[in-house]
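Asker: To start, I am sharing the structure in question, which I have written as structure tokens.
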Amino acid sequence: MGFTRRDLLTFTGGTTAGLLFTPVPWGLLRDTAVLSENWPGIPQPLHGEIRTRYTTCTLCPAGCGVRARCDGDQPVGLAGVPGHPASRGVLCPAGLVGHHLAFCRDRATEPLAHGKPVAIESAAAAVSAAIAACGAREAVAILDPRPGRAASLVYRRFLAELPKGVHCAPPDSQPNGPFGIDLENTRAILSFGAPVLDGWLSPGRVLANRSHFQLIQVEPAYSRTASLADLWVPVLPGSEDEFATAVVRALQGETTDAHAMDVARTLLRNKPAIAVGGGPAVARLNAVLGSIGRPGGFLPRRDFTPVTDIASVPDGSIRVLLIEETAGGDPLPWDLLRRKLVPQDPVLVALTPWLDGCAQHADYVIPAPMYLESLDEAPTPAGSTVAGFSLSPALLTAPPKLAAPAGFVLRLAHDSATYPDILKRRVAAIKKGGRGAVFTYPDAKSTRVSDIADLWKSMLGGALWLDDPLPAGTARGADLQVCAGPPGPALPPNREYPLVLIAASAPPPHGSPLMSKLYRESGLRRPANAATVHPKTGRDQGLADGDRAIVTSRAATFPVQVVFDPAVMPGVIEMAGQAVSPASIRRA
Amino acid sequence: MTLFQKHRGQILFLAGVAVALAAGWRAFPVLRFQRVPQPVAFSHKIHTDKAGAKCEDCHSLRDDGAWAGIPSLDKCAGCHAQPMGTSVEEKRFIDGYVTPNREIPWQVYSRQPENVYFSHAAHIKLAHLECRQCHGAQGESDALGPARVDRISGYSGSPHFQDMDACEDCHRQRGAANSCLACHK
Amino acid sequence: MAAITPKPARYGMAIDLDRCTGCGACMIACAAENNVPPARPEATPRTGITWMRVYQISNGAPFPDSRAAFVPILCQQCGKETPCAAVCPQEAVETDPATGIVDQMPQRCLGCRYCMAACPYHARYFNWWDPQWPAGMEKTLNPDVATRMRGVVEKCNFCHGRLHAARARAAAEGRRELHPGEYLPACVEACPAAAIVFGDLDDPASEVARLARDGQSFRILERLGTEPKIYYRTTRPWVRKAAAQPGPASAPGKEPVHA
Amino acid sequence: MPNADTQLMPRGVRRSTPRQFLLWILPWAALLAFGVYGAGLCLVKGLNQTHMDNRFAFGLWIFLDLTVIALGAGAFFTGFLLYILKKSELKAVINSAVVIGFICYSGAVAALLVDVGQPARFWFTFWHPNVHSMLTEVTFCISCYLTVLFIEYIPIVLKNRKLRQIPSFLVFEFELHKLMPVLAGVGTFLSFFHQGSLGGLYGVLRGRPFAFREGFAIWPSTFFLFILSAAAAGPAFILLTTWLVSKVSGKQLVRPEVLPMLGRISGVLLVPYILLKSIDTLVWIDSTSPARGFAAYQYYAWKPFGAWILFAEIVVFGLAPALILLRRRLRESPAWLLSAATLVCLGIALNRFVLTIQTLALPTLPFDPFMSYLPSWQETATFLAVVAYGVLLYSFSFRYLTLFPQEKDLSC
């Protein structure tokens, strides 16, 4: 008789029973478990030799020293350089993950002409042609986000050759002009809206001295600094200068304004004191406080060359505008730039690592290397009382088609030198000058310039050169006017715009995806679309906490998410990165 | 015949059991692993005997305590820039890797899971283990056997690198740390 | 052979709330150090992963008297009846006797999330998504920390990767014991205000032990009796009240704590 | 073909026509399919498909598990009364009880497998058990008891008219039947244990003062409260289902005295439960919670979880039905009986809800907000799939198996 179904069942039963006494089931179980341990598709780290390399952060003007932990050649972690004079071994959140920027989206990776990829040569040729084609009264301008670099010098030289070349900088790009702030010795800071505890100068330097200065924050917004200051003076938006004047009068014993008197008393009790931020009245205030050219106040330094503020360039005067954008900088308001250009076919050249900034409007996009992708420089650290300079050696290999902004301008100038050559010359000049000392990162030691054999080499290894201080009493109070911005507009609310829109701190325009930890994955910082109002104000406008709403100002309208915060001044709307202006808000 | 008829059921059942046992104990351990041959015929024996090299000459600790593992090509190129012997293998090696300066894609017998943290420094410098205690007589071997890779989990199936229990036992006997993160990361 | 295990430590922290400016450097440094993936587009504060999370607290006073303070919350490394370790059904959580650190083993974790329900500090985070990094960014992952997979719980372990590295360095020099300061978690190193002091609470000479002992320090939810190892310090009474009082301050009808 | 269909049915009982039956099955099958799709999404794409989050680590599913397992307790407790305490009247419902128990437990386990983040590692708990964890206790007991229920289910299946024709099955079934008391004993032990552990699950959370309870030895008071409440709710649920089935099928399934008896059992057990629950609550308000720095009033400061919940749990869903079920006159009237049974079951659900959801909604950190949570459609679908699965399995069992031995005599 044949093999029946029942036989098959019996046989299968036998095999099943048998298998239970073999390593098969347990072996397979274990393997699947192990498989679930390194789930397919989960990225695995590299495993090379761990090295330490040094560089300098160029994301903002603070010029912090960076110690990079590298796996082979790939940086896997950034940290501060202990003892660094400008940054005190500290990095800000953005700086800690600066090595991620190279992997962000919206990067410019090849030269574009009117949106189409072109060879760098042809782009340069086209731009040169445009410059040559300029009319007599039409200017060629370079917008330099960080004046005072060797690159800036390249720009100046190039522009000097042209009939009408303008070297200009964004508004407020040279705060305090030729002056540094002697933070180490000051005992009181009267801040008019300066984010003293939230990214001002370098966080390391400010916080290292926080314990020995009183902080008075004069600001309509309930900012980080305001919320942590020893005293918060919530003045009406635009009336900062008024208040500064009041304080001046109080110091001279002329006013009866309680707040001003109170502030004046604190300043007198804690000398030396300084006033930072704000407009002309603040400069006067500093003069009265005698904080200029004195220890604990504003000390002048050598390297200052004033640069034209783009805002002061006559409208419709620029034919060819080259805009340099840094990896970490905020993009300029486009409407401001457009006003400066000639109405008929202006030529806009964006020297930028990003596609989402001014590149959107540019005729030519020259892709700049990302932070850490090429040898770069950091000029005098923000707020430093002496001139300074450091190199920012590359830690990453850049994609092929990038061109450093200064390098591109050299190309336009038909200069055979490369950007690194320019940096070499700068270092050589420092060596020749023989002034100052060099702080080398690896050993955290300071050495006189004169005692260093190969300055270029030690700068490449990570170093900060600091000039010797100027002899005391070389400063005039008037100089401080240089840096004082225009007073803000006073804003009486009207029927159409019952509220005032003021700036809250904004998320950085670009950053590591990990910044989501601060802005989206925790409540620590408000996202860019948050409009914070006092609960009463909100309710008066018929809003509830968490509503989606539309904010309308004279300039524009934005969709926002309403956040109620009883700490905010009634009658204002706090929103990321907005200029002070009348506004209204309604439910979406 | 009649006997078979009588016990047909039992016999078939037992046959099933037998087949399963055979498959499970004989075939499975073999099928479970994939055998990957080494790219280069390397003889530890020759290098230790003729060249008088010691383990540490090629497999060393870095200053930070990390394990350098298998030496990179330049270490080999140091001596093998030109053929030292007459063997075809050596010639093939030089033409294949040294001359074009291509790193050798060695198959690691002891590939550990990403989440395993093994410190050679601790085991050599502190516990004073001999290489052979974990790597067997690899140092004297004349030829490199193929690496055994688990087909499902992709892990090393080397006889010398048993699963976690082996580590735990040794740690227990020697009173070494046995918490999860002592050896995992 | 007891000699083989070094003198056990009890690592802990003292966090000075008066120094913290809530800049978030600790959170970023932590995420970068421990290969925590960036947020998915859908992620929210409730589904994101932040081993170290800084909460903003307020004195509850309305404009213009409001003042803020910031409270960094990480795993408090409970030393007694550790709530999460007690409840894990498969020993994926344990307290390391050699360090006092509460270990979480994602490779052992079933993803039942019982430990998250058990943790009073909400310091445990679940991988709701497959971890993903932008193309190329996986090169920047820290080799000392294994990436986790979807569906498991993870949390702060005092940058255990750094402990391994420090031990390896010591072992290379033939040392079992670590020098004080040889091992620091990323958040401690990154804090620009030097608000976090880290060390061995059992070493009477250590700074952290001294700070923990002095009157200014307190622990959050101390009365639950789980002996957390993170100490908080402040001289501002309202901060102490807002952070130390057991029970939620946000309870309706509960009077705010004024300066 | 209908006659084959009828051949599968128990002798002497009438069942709906295949067409009617199909019409009844289809919508439930559709629901099941939809739910399985939702669950599939959670398994493939991960738990981001749910609305659970790091604060609401548990959600709808855990609530479902706790509730169905409590209601499924009817199986073990009826078995306990029938086989151990020899309450032979319960023979009338024991089969139905076993099926319901099996449905509840298998459903719960299925939901759990979707709920965990790494289902492939389910066996880790058996391989590396942490004996101190209540969840380990739960996992072990539930998986064992599910096996027991399965074995108890087999003879009911084998009694099927068609299957009986296979002699060896008949023998097997007969042997199994002799085993029943043993199984019931084992089942009872296991059930007592995991019902308790399920309560312990939350009672041990010293990090959650709202749920934390002191107890005896390693078991918090909730351990014992859960056993009692489950034992009380089980019979009530069987009562409800039996009534429901007879309404749906339009047949009398059990003798009139059976349901009131179930009601009485439930009532008798409810009284001590309510008593102990009240004492436990008072102790908790008075000492357990304050000792950990949490004044109990705080918990009820958030809407919607006001103090009314306590009142509802103890009085509306506890005391009230207990009194009804203990009064013979009320018990005899179907309306009273059924509403009381409903209240009991709802009470259990509410109790489990409070323990799972409210516990997680309440903040513990001083500066942490109150959280709320609404399940996503995938979660809800999975939940409904379990319900649909239950209805289907029960419908088939009822159609082809003998769930109510008395039905035959009552129908002729």
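The values are calculated or read from the model by the stated rules, or taken from the named source; none is laboratory data. As the structure is a computational prediction, the values presented were derived from the model and not from experiment. With ideal geometry, Cβ positions are generated from the backbone for all residues, glycine too; neighbour counts draw on all protein chains shown.
Asker: Is there any pair with a first residue in the stretch D:390-412 that is in contact (Cβ under 8 Å) with a residue 60 or more places away in the chain and a second that is surrounded by fewer than 17 Cβ atoms within 10 Å (Cβ to Cβ) and part of a loop (DSSP other than H, G, I, E, B) whose Cβ atoms are under 6 Å apart and which are 6 or more apart or on different chains, and what are they?
Answerer: So the pair list comes out as D:Gln406/D:Arg255; D:Lys408/D:Gly12; D:Leu410/D:Gln252.
Asker: If you don't mind, there's one more thing I want to ask. Here's a check for you: in the stretch C:221-240, which residue that is within 14 Å of another protein chain (Cβ to nearest Cβ) and in a loop (DSSP other than H, G, I, E, B) is surrounded by the fewest Cβ atoms within 10 Å (Cβ to Cβ)?
Answerer: Result: C:Thr235.
Asker: Of the residues that sit in the stretch C:138-166 and are within 14 Å of chain D (Cβ to nearest Cβ) and of a type in the set (Lys, Arg), which one is nearest to C:Val87 (Cα to Cα)?
Answerer: Of the residues in the stretch C:138-166, the ones within 14 Å of chain D (Cβ to nearest Cβ) are C:148-156.
So of that shortlist, the ones also of a type in the set (Lys, Arg) come out as C:148, C:150, C:155.
Values: C:Arg148: 21, C:Arg150: 21, C:Lys155: 16 Å.
Selected residue: C:Lys155.
Asker: Which pairs turn up if I take residues in the stretch A:260-275 that are within 17 Å of A:Asn185 (Cβ to Cβ) and look for partners that are among the charged types (D, E, K, R) and assigned to a helix (DSSP H, G or I) with beta carbon separation below 7 Å, at least 6 apart in sequence or on another chain?
Answerer: Nothing qualifies.
Asker: Evaluate the following for D:Gly72: is it away from chain C (no Cβ under 14 Å), buried (at least 23 other Cβ atoms within 10 Å of the Cβ) and over 20 Å from D:Gly200 (Cα atoms)?
Answerer: For D:Gly72, the condition - away from chain C (no Cβ under 14 Å), buried (at least 23 other Cβ atoms within 10 Å of the Cβ) and over 20 Å from D:Gly200 (Cα atoms) - is not met.
Asker: Here's something else I'd like to know. Just the residues that are over 15 Å from the mean Cα position of the chain (by Cα) and within 14 Å of another protein chain (Cβ to nearest Cβ), please, taken from the stretch C:201-220.
Answerer: C:Phe218
Asker: Then there's this: Determine, yes or no, whether A:Thr12 is within 12 Å of chain B (Cβ to nearest Cβ) and out of contact with any Ser or Thr (no Cβ under 9 Å at 6 or more places or on another chain). Can you show your working first?
Answerer: Values: within 12 Å of chain B (Cβ to nearest Cβ): yes; out of contact with any Ser or Thr (no Cβ under 9 Å at 6 or more places or on another chain): yes.
Yes; evaluated as a whole, the condition is true for this residue.
Asker: Suppose we keep only residues that are within 19 Å of C:Ala92 (Cα to Cα), facing another protein chain (nearest Cβ under 7 Å) and not β-branched (Val, Ile, Thr) within the stretch A:27-50. Which one would you say is surrounded by the most Cβ atoms within 10 Å (Cβ to Cβ)? Explain how you work it out, then say what you get.
Answerer: From the stretch A:27-50, those within 19 Å of C:Ala92 (Cα to Cα) are A:29-39; that's our starting set.
Next, from what is left, pick out any that are facing another protein chain (nearest Cβ under 7 Å): A:29, A:31-39.
Okay, now just the ones that are also not β-branched (Val, Ile, Thr), so A:29, A:31, A:33, A:35-39.
Numbers: A:Leu29: 15, A:Asp31: 17, A:Ala33: 19, A:Leu35: 16, A:Ser36: 20, A:Glu37: 24, A:Asn38: 19, A:Trp39: 18.
It comes out as A:Glu37.
Asker: Let me ask you something else. Would you confirm whether any residue within the stretch D:168-181 is assigned to a helix (DSSP H, G or I), more than 24 Å from D:Arg11 (Cα to Cα) and of a type outside the set (Val, Ile, Thr)?
Answerer: Restricting attention to the stretch D:168-181, the residues satisfying the condition of being assigned to a helix (DSSP H, G or I) are D:168-181.
Next, from what is left, pick out any that are more than 24 Å from D:Arg11 (Cα to Cα): D:179, D:181.
With of a type outside the set (Val, Ile, Thr) added as a condition, the list becomes D:179, D:181.
Yes, the stretch D:168-181 contains a residue that is assigned to a helix (DSSP H, G or I), more than 24 Å from D:Arg11 (Cα to Cα) and of a type outside the set (Val, Ile, Thr).
Asker: Within the stretch D:312-370, can you find the residues that are among the hydroxyl-bearing types (Ser, Thr, Tyr) and either within 14 Å of another protein chain (Cβ to nearest Cβ) or not in a helix (DSSP H, G or I) (or both)?
Answerer: Of the stretch D:312-370, the ones among the hydroxyl-bearing types (Ser, Thr, Tyr) are D:333, D:339, D:342, D:356, D:359, D:364.
Correct list: D:Ser333, D:Thr356, D:Thr359, D:Thr364.
Asker: Also, I was wondering about something else. Just a yes or no: is a residue in the stretch B:55-64 away from chain A (no Cβ under 11 Å) and among the aliphatic types (A, V, I, L, M)?
Answerer: yes
Asker: Filter the stretch D:181-222 for residues that are closer than 26 Å to D:Phe102 by Cβ, more than 21 Å from the chain's Cα centre (by Cα) and of a type in the set (A, V, I, L, M, F, W, C) and give the result.
Answerer: D:Val182
Asker: Tell me, please, whether a residue that is among the basic types (Lys, Arg), surrounded by 15 or more Cβ atoms within 10 Å (Cβ to Cβ), within 7 Å of another protein chain (Cβ to nearest Cβ) and assigned to a loop (DSSP other than H, G, I, E, B) can be found in the stretch B:173-185.
Answerer: yes
Asker: Residues that are surrounded by 20 or more Cβ atoms within 10 Å (Cβ to Cβ), more than 7 Å from chain D (Cβ to nearest Cβ), of a type in the set (Ser, Thr, Tyr) and touching a residue at least 24 places away in the same chain (Cβ under 8 Å): does the stretch C:124-131 have at least one?
Answerer: Scanning the stretch C:124-131, I find no residue that is surrounded by 20 or more Cβ atoms within 10 Å (Cβ to Cβ), more than 7 Å from chain D (Cβ to nearest Cβ), of a type in the set (Ser, Thr, Tyr) and touching a residue at least 24 places away in the same chain (Cβ under 8 Å), so the answer is no.
Asker: All but one of (1) within 27 Å of D:Leu410 (Cβ to Cβ); (2) surrounded by fewer than 17 Cβ atoms within 10 Å (Cβ to Cβ); (3) not aliphatic (A, V, I, L, M) hold for D:Pro304; state the number of the condition that does not hold.
Answerer: (1)
Asker: Would you confirm, using the coordinates I've provided, whether A:Arg294 is outside the structural domain of A:Pro195 (by TED's automatic domain parsing) and basic (Lys, Arg)? Before you say what the answer is, go through the steps one by one.
Answerer: Working: outside the structural domain of A:Pro195 (by TED's automatic domain parsing): no; basic (Lys, Arg): yes.
The answer is no for A:Arg294.
Asker: Something else: Restricting attention to the stretch A:204-235, report how many residues are closer than 30 Å to A:Val572 by Cα, outside any loop (DSSP other than H, G, I, E, B) and more than 10 Å from chain C (Cβ to nearest Cβ).
Answerer: 6
Asker: Something else: Those residues that are within 18 Å of A:Val118 (Cβ to Cβ) and assigned to a strand (DSSP E or B), I need them from the stretch A:331-356; list them, please.
Answerer: Correct list: A:Val347, A:Leu348, A:Val349, A:Ala350, A:Leu351, A:Thr352.
Asker: So which of C:Pro64, C:Pro38 ends up being within 8 Å of chain A (Cβ to nearest Cβ), under 24 Å from A:Gln44 (Cβ atoms) and surrounded by fewer than 24 Cβ atoms within 10 Å (Cβ to Cβ)? First the steps, then the outcome.
Answerer: Values: C:Pro64 fails: under 24 Å from A:Gln44 (Cβ atoms).
From the options C:Pro64, C:Pro38, the qualifying one is C:Pro38.
Asker: Residues D:Cys42, D:Cys104: which one is part of a helix (DSSP H, G or I) and within 14 Å of chain C (Cβ to nearest Cβ)?
Answerer: Details: D:Cys104 fails: within 14 Å of chain C (Cβ to nearest Cβ).
Going through D:Cys42, D:Cys104 in turn, the sole match is D:Cys42.
Asker: Would you kindly identify the strands (runs of 3 or more DSSP E) lying entirely within the stretch C:1-120 that contain at least 2 residues that are more than 29 Å from A:Met569 (Cα to Cα)? Let's see the steps before the verdict.
Answerer: Numbers: elements: C:11-16, C:53-58, C:68-73, C:93-95, C:102-104.
By residue number, C:11-16, C:93-95, C:102-104.
Asker: Continuing with the same structure: Looking for whichever is in contact with a strand residue (DSSP E or B) (Cβ under 8 Å, 6 or more places away or on another chain) and either more than 30 Å from C:Ala9 (Cα to Cα) or within 14 Å of chain A (Cβ to nearest Cβ) (or both) here; the options are B:Val116, B:Val98. Which one fits? Spell out how you get there, then give the answer.
Answerer: Details: B:Val98 fails: in contact with a strand residue (DSSP E or B) (Cβ under 8 Å, 6 or more places away or on another chain).
Every option except B:Val116 fails the conditions.
Asker: Among the residues of the stretch A:193-252, which ones are of a type in the set (Val, Ile, Thr) and under 30 Å from A:Pro85 (Cβ atoms)? Give the derivation first.
Answerer: Residues of the stretch A:193-252 of a type in the set (Val, Ile, Thr): A:196, A:206, A:216, A:218, A:225, A:233, A:235, A:245, A:247-248.
Answer for the stretch A:193-252, where residues must be of a type in the set (Val, Ile, Thr) and under 30 Å from A:Pro85 (Cβ atoms): A:Val196, A:Val206, A:Ile216, A:Val218, A:Thr225.
Asker: Report every pair of residues separated by at least 6 positions or lying on different chains whose Cβ atoms are under 6 Å apart, first residue within the stretch D:179-193 and over 10 Å from D:Phe77 (Cβ atoms), second of a type in the set (Asp, Glu).
Answerer: As it stands, the answer is D:Leu183/D:Glu152, since those pairs meet every condition given.
Asker: Then there's this: Look at the stretch A:150-185 and say how many of its residues are closer than 30 Å to A:Asn270 by Cβ and not β-branched (Val, Ile, Thr).
Answerer: Residues of the stretch A:150-185 closer than 30 Å to A:Asn270 by Cβ: A:172, A:174-185.
With the extra rule that they be not β-branched (Val, Ile, Thr), the set shrinks to A:172, A:174-180, A:182-185.
Of the residues in the stretch A:150-185, 12 are closer than 30 Å to A:Asn270 by Cβ and not β-branched (Val, Ile, Thr).
Asker: Of D:Tyr373, D:Tyr299, which residue is within 14 Å of chain C (Cβ to nearest Cβ), crowded, with 22+ Cβ neighbours inside 10 Å and more than 23 Å from the chain's Cα centre (by Cα)? First the steps, then the outcome.
Answerer: Numbers: D:Tyr373 fails: crowded, with 22+ Cβ neighbours inside 10 Å.
Criteria check complete, one pass: D:Tyr299.
Asker: What's the number of the only condition in (1) at pLDDT below 90; (2) among the hydroxyl-bearing types (Ser, Thr, Tyr); (3) surrounded by 22 or more Cβ atoms within 10 Å (Cβ to Cβ) that A:Thr55 fails to meet?
Answerer: Only one criterion in (1) at pLDDT below 90; (2) among the hydroxyl-bearing types (Ser, Thr, Tyr); (3) surrounded by 22 or more Cβ atoms within 10 Å (Cβ to Cβ) is unmet by A:Thr55, namely (1).
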